[in-house]
Amino acid sequence: MTATAEVSTGSRGNQPPVPDGAITVTLKVRRFNPEFDDEPRWDSFEIPALPSDRVLNLLHYVKWYIDGTLTFRRSCAHGICGSDAMRINGVNRLACKVLLKDLLASGGKPTTITIEPIKGLPVHKDLLVDMEPFFEAFKAVKPYLITYGNEPTRERIQSIADRERFDDTTKCILCAACTTSCPVYWTEGSYFGPAAIVNAHRFIFDSRDEGAEERLDILNDVDGVWRCRTTFNCTDACPRGIQVTKAIQEVKRALLFKRV
Amino acid sequence: MSESLTLDKPRSPRRPAARRSNFELYSWLFMRISGVALVVLVLGHLFIMNILDGGVHRINFGFVAGRWASPFWQFWDLAMLWLAQIHGGNGLRTVINDYARKDATRFWLKVLLYVSMVLIIALGTYVIFTFDPNITD
């Protein structure tokens, strides 16, 4: 890769005209370029934005019109794909689901929004982290249907009540906002983390699945559910509103009473 | 069939395939039960020692000797000592597991913790059972 000097212009040329009703906010971004930086640094950008803008729009503005080297993930930009989880003002959120009007300082004071990469995963560049340890934990709980014996000739029927038991945990989009909000995960990455437990829960409590015991065994480990300290950071961080801590407690209960 | 799936990848090479140990489960359960027991034991202890009948001012050698003459209070203090030590020690064990970054640090902190636990439990138990009210000089 050829290292180029830092580009100060955005990838889309000149800044567009400022719309009516725009407010200037300061976006303070924690940045790290492994080619130039030894340590992460903070960059501030003054951005004209509307209260109805999302934080993702502000990041786009920086990348498109101010500094094209700003690096972050985003795909659908509508809270479905789970690519743009980041620490916004100290809490994990999807940048595409946070509106500027909810971050404005009270009484018309100048607003500063801090953006950091999610914690506990190695930073590749700027807001881009290595998601591999996160997905390793996800894979380790066997997040797929496990059945034994002959396949049924008809579909695997499930009652509405049985479906309801794991409905909440089917909503996970694997954005890592919960896992990287967990203090236990920050200090020692061997903990499975909330997201892996949520996805184990989705199959453990599925009446069609027969792998509950294997998964419970995996989560009964030193790095499993017993490391949860019920700080509720994960529940607070989840952009899909999953009751993550509740799901973890349900797995603990299943282990404790040996009953799913 | 599922054996051939490359999807099933253990998180770390240290993790054996199926290690059936309920240690973490029982230690978690112990923390809940001992916690409830300690609320009664410690608050009762504090009430007797600090509030009842003039509180700390009446505590002297004779007072302690009088209480430990009864097996009930001996058992009370013994239970409090053991539960508090193991409850606190287990709590510190999880703190060490959470925050120690190097395996060597974790190991030596735990050695220190376990040695101190054993020493205090042994010393306390020894005193409770061998306390002699007729000591002279």
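Bear in mind that the values in this text are calculations on the coordinates, not laboratory data. The structure presented is a predicted model; accordingly, all values stated were derived computationally and were not measured. Every residue, glycine as well, gets a Cβ built from its backbone with ideal geometry; the counts of neighbours run over all protein chains shown.
Quick note on region A:163-260: its Rg to Rh ratio, both from C-alpha atoms and Rh being the Kirkwood radius, is 0.93.
Beyond 27 Å, how much of the Cα-Cα pair distribution for the protein assembly as shown remains, as a whole percent? More than 27 Å apart: 64 percent of the Cα pairs in the protein assembly as shown. Which trypsin sites (Lys or Arg not before Pro) in region A:123-161 sit in a loop by DSSP (not H, G, I, E or B) and have at most 13 other Cβ atoms within 10 Å of their own Cβ? The qualifying sites are A:Arg154, A:Arg156. Between A:Val222 and A:Gln15, the FRET efficiency estimated from the beta carbon spacing at R0 = 51 angstrom works out to 0.45. Kirkwood hydrodynamic radius of region B:23-130, from the reciprocal of the average inverse Cα-Cα distance over all distinct pairs: 15.8 Å. Determine the calculated [θ] at 222 nm for chain A from helices alone, applying -39500 (n - 2.57) to every DSSP H run no shorter than 4 residues and normalising by the residue count; nearest 500 deg cm²/dmol. About -6500 deg cm²/dmol. Dipole check for the protein assembly as shown: with +1 at the C-beta of Lys and Arg, -1 at the C-beta of Asp and Glu, and the Cα centre as origin, the magnitude is about 400 Debye.
The charge dipole of region A:39-136, taken about its Cα centre with unit charges on the Cβ atoms of Lys, Arg (+1), Asp and Glu (-1) only, comes to about 320 debye. So what's the gap between the Cα centers of region B:45-65 and region B:68-97, to the nearest angstrom? One Cα centre to the other: 20 Å.
Taking the fewest neighbouring Cβ atoms within 10 Å as the starting point, the ordered list for A:Thr170, A:Thr235 is A:Thr170, A:Thr235. The relative contact order of region B:23-130, computed from alpha carbon pairs under 8 Å that lie at least 6 residues apart in sequence, is 30 percent.
Listing A:Arg31, B:Arg32, A:Arg74 from the residue with the fewest other Cβ atoms within 10 Å to the one with the most, what is the order? Arranged by neighbour count, lowest to highest, A:Arg31, B:Arg32, A:Arg74 become B:Arg32, A:Arg74, A:Arg31. The mean number of partner chain beta-carbon atoms within 10 angstrom of a residue's beta-carbon across peptide A:242-250 is 0. Pairs exceeding 23 Å between alpha-carbon atoms, taken from A:Lys28/A:Lys101; A:Lys139/A:Lys252; A:Lys63/A:Lys139; A:Lys63/A:Lys101; A:Lys28/A:Lys171; A:Lys252/B:Lys110: A:Lys63/A:Lys139; A:Lys28/A:Lys171; A:Lys252/B:Lys110. Lacking any other cysteine beta-carbon closer than 4.7 Å, the following Cys residues of chain A have no compatible partner: A:Cys96, A:Cys172, A:Cys175, A:Cys182, A:Cys228, A:Cys238. The protection proxy used here, the mean number of other Cβ atoms lying within 10 Å of each residue, ranks peptides A:111-117, A:176-182, B:36-42, B:129-135 as follows, highest first: A:176-182, A:111-117, B:36-42, B:129-135. The separation of region A:147-205 from region A:107-144, counted between C-alpha centres, amounts to 20 Å. Peptide B:25-32 has a mean shielding of 3, counted as Cβ atoms of other protein chains within 10 Å of each residue's Cβ. Would you mind classifying region A:168-215 by shape? Square roots of the alpha carbon gyration tensor eigenvalues, ordered a ≥ b ≥ c; an a/c under 1.5 is rounded, otherwise it is prolate if a/b is larger than b/c and oblate if not. Because a/c hits 1.5 or more and a/b fails to exceed b/c, region A:168-215 counts as oblate. For the listed residue pairs A:Lys258/B:Lys102; A:Lys97/A:Lys246; A:Lys97/A:Lys119, the alpha carbons are over 26 angstrom apart in A:Lys258/B:Lys102.
If R0 is taken as 56 Å, the Cβ-Cβ distance between B:Val56 and A:Glu210 corresponds to a FRET efficiency of 0.35. Shielding value for A:212-222 is 3, the average number of Cβ atoms from other chains within 10 Å of each residue's Cβ.
When only Cα pairs under 8 Å and 6 or more residues apart are kept, what is the percent relative contact order across chain A?
Result for chain A is 17 percent.
Computed from backbone phi with θ = phi - 60° and the Karplus coefficients 6.51, -1.76 and 1.60, the 3J(HN,Hα) list for region A:226-235 is 6, 7, 5, 9, 6, 7, 6, 4, 5, 4 Hz; x is used for glycine and proline.
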